[in-house]
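**Q** One structure is given below, represented as structure tokens, and several questions about it will come after.
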Amino acid sequence: MLSSHAPVNTLHYLRYLFGADNARSQTTEAERALLGHLAVGRKVIVELGVFEGVSSLVLRDAMDRDAELYCVDPFPVGALGFSVQMAISKKQINRSRNGRAHMVRMQSNEAVGGWTLPIDLLFMDGDHSFEGACRDFRDWGCFVRTGGLILVHTSHSSDVKSVPDNCGPKRLVEEVVAFDKSFRVDRYVDSITVVEKLR
Ligand SMILES: C[S@@+](CC[C@H](N)C(=O)[O-])C[C@H]1O[C@@H](n2cnc3c(N)ncnc32)[C@H](O)[C@@H]1O
């Protein structure tokens, strides 16, 4: 049975292919500027939660020429028998030829199982449940280098963007990160909290 979003998603995909729609994102302009700014000089960047690849493209464009970007998302199959979001994000991410980008079609908790590389920048924008956000922070955070950054999307309310108090990433920052001496909250930009790993 088709989901109620199927016609909208299909139309969006066709419109995207013909240049009538842009790829969609929940990020603000200031958040995208932050991603671009912080990607510079990082060699290994991981994004959890890709959707249509808007933030991935910003990261890829800005990172160093010898950097690697890993884009982790399960990209669930939709009504068309494939993932519209994966098809769009592939095209988005390949609009830049900078460095190397890898699509990792897995849940973040599956992908971390085989992970070995030290990470310079981790952008968390996947599982927004409290349990999922805590798990991603703990499991992926182990691989972030000392001095490396973890950007937690949808974790802070600002004039521009209101985030409900029960939102998982917000609770992660307020209930876990704030009390962990291995981390320091560096700043907030709209709904993103920038967290530095201290040790
Ligand atoms: C808010 S969107 C990401 C938006 C994207 N970062 C951007 O700024 O344009 C959330 C994405 O997370 C993905 N997602 C949900 N649970 C996930 C998980 N456990 N691991 C990885 N990705 C997940 C969803 O499939 C969805 O594409």
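The values are calculated or read from the model by the stated rules, or taken from the named source; none is laboratory data. It should be emphasised that the depicted structure is a prediction, and the values quoted were computed from it without experimental measurement. Here the Cβ is made from the backbone with ideal geometry for all residues, glycine too, and neighbour counts use every protein chain on show. Accessible surface areas use protein heavy atoms only, side chains included; no ligands, DNA or RNA. Shrake-Rupley method; radii C 1.70, N 1.55, O 1.52, S 1.80 Å.
**Q** R0 = 30 Å: FRET efficiency of ASP180 with ARG95, Cβ-based, nearest 0.05?
**A** Efficiency computed from Cβ-Cβ geometry: 0.20.
**Q** Another question about this same structure. On full extension of the chain, what length is gained from LEU80 through LYS43, given 0.36 nm per residue of separation minus the C-alpha to C-alpha distance?
**A** Contour length minus the Cα-Cα distance gives 9.7 nm.
**Q** Rg (Å, one decimal) plus Dmax (Å, integer) for the alpha carbons of segment 30-145?
**A** Answer for segment 30-145, Rg first and Dmax second: 13.5, 40 Å.
**Q** How large is the accessible surface of TYR188 in square angstrom, using a 1.4 angstrom probe and rounding to the nearest 10?
**A** The accessible area of TYR188 comes to roughly 110 Å².
**Q** With the full set of protein chains in place, find how many percent of the accessible area of the chain is carbon and sulfur; take the probe as 1.4 Å.
**A** C and S fraction of accessible area: 52 percent.
**Q** Another question, then. Compute the signed sum of charges (Lys and Arg +1, Asp and Glu -1) over the other residues within less than 11 Å, Cβ to Cβ, of ILE45.
**A** Residues close to ILE45 contribute a combined charge of 0.
**Q** Pop a pseudo-label 7 angstrom from the Cα along the beta-carbon direction at both ALA30 and PHE18 and give the gap in nm to one decimal.
**A** 3.7 nm
**Q** Same structure, new question: If you place +1 on the Cβ of every Lys and Arg, -1 on the Cβ of every Asp and Glu, and leave all else neutral, what size is the dipole of segment 95-199 about its Cα centre, to the nearest 20 Debye? Provide the component values of the computation, followed by the final result.
**A** On the way: 15 positive and 15 negative charges, 99 e Å.
I would put it at about 480 debye.
**Q** Can you figure out the FRET efficiency of LEU11 with TYR188, using R₀ = 25 Å and their beta-carbon distance, to the nearest 0.05?
**A** 0.10
**Q** Taking the alpha-carbon distance from LYS91 and a cut-off under 30 Å, which lysines remain once sequence neighbours fewer than 8 residues away in the same chain are dropped?
**A** LYS43, LYS161
**Q** Taking 1 over the mean of 1/r across every pair of different Cα atoms in segment 115-158, what Kirkwood radius in Å do you get?
**A** 11.0 Å
**Q** By per-residue mean of other Cβ atoms within 10 Å, what is the highest-first order of 63-69, 123-129?
**A** Working: 63-69: 18.0, 123-129: 22.3.
Averaged packing, sorted descending, gives the order 123-129, 63-69.
**Q** Something else: Compute the angle between helix 29-39 and the longest alpha-carbon principal axis of the chain, please, reported from 0 to 90 degrees and rounded to the nearest 10.
**A** 60 degrees
**Q** Which value, in Å², gives the accessible area per residue of segment 38-83 when a 1.4 Å probe is used on the protein heavy atoms?
**A** Spelled out: the 1.4 Å probe surface of segment 38-83, per residue, equals 36 Å².
**Q** So how far apart, in nm, are the two label points at LEU198 and LEU117 if each is 7 Å from Cα heading toward Cβ?
**A** My value for the distance between the label points is 2.9 nm.
**Q** Still on this structure, please answer the following. Between SER155, SER182, LEU122, whose Cα lies farthest towards the positive end of the dipole of the chain when Lys and Arg beta carbons carry +1 and Asp and Glu beta carbons carry -1, centred on the Cα centre?
**A** About the Cα centre, the residue reaching furthest to the positive side is LEU122.
**Q** Still on this structure: Calculate the translational D of the chain in whole µm² s⁻¹ from Stokes-Einstein, where the hydrodynamic radius comes from the Kirkwood formula applied to all Cα pairs, the temperature is 37 °C and the viscosity 0.692 mPa s.
**A** On the way: Rh = 17.2 Å.
Diffusion coefficient, whole number: 191 µm²/s.
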